[in-house]
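A short write-up of the structure that comes next.
The values are calculated or read from the model by the stated rules, or taken from the named source; none is laboratory data. None of the values given here were measured: they were computed from a predicted structure. For neighbour counting, all protein chains shown are included, and Cβ atoms are generated from backbone atoms with ideal geometry for every residue, glycine included.
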Amino acid sequence: MNGRSVTVIRSLRRADREPLKELIEKTGVFSDAEVEIALELIDVVLGRPDQQDYSIAVSDEGGTPVGYYCLGPTPGTKGTYDLYWIAVAPSRHGQGIGAALDAHAEAFVRSSAGRLIIAETSSSPRYDATRGFYLRRGYVEVSRIRDYYSPGDDLVVFGKYLVPQHGG
């Protein structure tokens with residue numbers, strides 16, 4: 001063992017908001033606007049525990065959040081879920097936390113009769129590691145919209161099918 005506490009994945013707690021804000025900012029990937037959107041979703045989950053649009057799980061090590069994900073069912077679909085956010089503290093990259101969070105998200109979706117997880121990201125170089133992560137975790141690129149975010153910055157949509165696909 002490396003002397004670290006055991007990492008567990010648990011539900012979001014009110015005390016997680018500020019540490020998660022700091023974690024998201026420290027990734028150096030998300031814009032200020034994206035950080036605000038992530039915090040809005042955290043606030044929805046904290047402020048309306050009965051809502052069913054978003055679920056957040058936190059990777060906790062010794063009481064400190066070291067990663068999290070936010071996902072929810074895609075409106076108007078049967079069994080499709082959007083993975084809105086998945087982030088790990090930069091000091092903990094490469095230690096399996098993102099993979100554990102993704103596996104937890106997949107198990108959650110399966111337990112909710114989900115069949116497909118969608119993750120959207122940017123084609124900009126700052127998201128190279130993110131796209132690599134999705135590919136290593138079994139996602140496939142299902143679509144790309146050129147110049148979506150800005151000229152030269154495409155929207156890249158990844159999907160992970162949890163059940164066999166129908167048709168061609």
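Residue by residue, here is whether (1) touching a Ser or Thr at 6+ places or on another chain (Cβ under 7 Å); (2) within 13 Å of Tyr134 (Cβ to Cβ); (3) not acidic (Asp, Glu) holds:
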{"residue": "Gly72", "(1), (2), (3)": "yes, no, yes"}
{"residue": "Gly79", "(1), (2), (3)": "no, no, yes"}
{"residue": "Leu83", "(1), (2), (3)": "no, yes, yes"}
{"residue": "His93", "(1), (2), (3)": "no, no, yes"}
{"residue": "Ile97", "(1), (2), (3)": "yes, no, yes"}
{"residue": "Ala100", "(1), (2), (3)": "yes, no, yes"}
{"residue": "Ala105", "(1), (2), (3)": "no, yes, yes"}
{"residue": "Phe108", "(1), (2), (3)": "yes, no, yes"}
Practice task
Of the numbered conditions (1) surrounded by 13 or more Cβ atoms within 10 Å (Cβ to Cβ); (2) more than 16 Å from Trp85 (Cα to Cα); (3) of a type in the set (Gly, Ala, Ser), Ser143 fails exactly one; give the number of that condition.
Solution key: (1)
Problem - Residue check, Gly114 in contact with a Gly (Cβ under 6 Å, 6 or more places away or on another chain) and either among the aliphatic types (A, V, I, L, M) or surrounded by 17 or more Cβ atoms within 10 Å (Cβ to Cβ) (or both) - result: yes
Practice task
Considering each residue of segment 69-88, count those that are surrounded by fewer than 22 Cβ atoms within 10 Å (Cβ to Cβ) and of a type outside the set (Val, Ile, Thr), and give that number.
Solution key: 9
Problem - Flag for Val66 being under 23 Å from Gly114 (Cα atoms), surrounded by 11 or more Cβ atoms within 10 Å (Cβ to Cβ) and modelled with pLDDT of 95 or more - result: no
Completion exercise
Flagged in segment 121-145 as in a loop (DSSP other than H, G, I, E, B) and under 15 Å from the mean Cα position of the chain (by Cα), in numbering order, are Arg137, Gly138, Tyr139
Handout entry: Scope segment 48-67; condition under 19 Å from the mean Cα position of the chain (by Cα) and not polar (S, T, N, Q); matching residues
Key = Asp53, Tyr54, Ile56, Ala57, Val58, Asp60, Glu61, Pro65, Val66, Gly67
Problem - When residues of segment 27-54 are limited to those that are without any contact (Cβ under 8 Å) to a residue 12 or more places away in the chain and of a type in the set (A, V, I, L, M), the one nearest to Phe108 (Cα to Cα) - result: Val44
